[in-house]
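What follows is a set of notes on a single structure, which appears directly below.
The values are calculated or read from the model by the stated rules, or taken from the named source; none is laboratory data. Quick caveat: nothing in here was measured; it's all calculated off a predicted structure. The accessibility values were calculated without ligands, DNA or RNA, using every heavy atom of the protein model including side chains. Shrake-Rupley method; radii C 1.70, N 1.55, O 1.52, S 1.80 Å.
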Amino acid sequence: YVRNPLFSRMREIEVLQNVMSSELLELLRLKQNLVYSVTVSYSFFTGANMVEISGTCLPRDADAVIRMCMSYIRQRQTGAVPETTMSSVKGRLKMAAYATANSVPGVSAFFETAITSAMVSNSDTPLRDIIKGARFISYDASVKEIDSVSASGIMAHFAGICIENAVSGYSIRSIKN
């Protein structure tokens, strides 16, 4: 793991994405039985606070899924993430961090994501300057970074999402017999 403000910020984004994925899966799959899967990607680096929610569902359910996703974001902009959700997500991330720490492909993927994100946000900054000053930290220090992510920090990201600028849509894949 690497200590650098950008990398630490990425831990917060990992928690946010996992909170959203967990809560949307519970809402849309377990409670409403509308989707088969759901994933969330969030980017604040461009200054646009862009959220991409994708998943699979029956075509007849797509409009309801989109409406519920937008409603979920609106609700989270004023309602804190429950501590039980935060704890569960952090626990899963700690397990994943341990697995990644012992895997060359895992460490490489983490760096690739961090460098790509940094390049998007600092397009005119040379790559060597983006990673300058970064230093490796222990697994325990990485766990502390995950633990330091707060529900209020997550809420700040939700508050930065401009739902009025949402673009939604879906594609239908035909199945041939």
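Values computed for the structure shown
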read-out: Nearest-10 value in Å² for the accessible area of Lys31, using the 1.4 Å probe; value: 140
read-out: Extension gain, Ser103 back to Ser152 (0.36 nm per residue minus Cα-Cα distance, nm); value: 14.4 nm
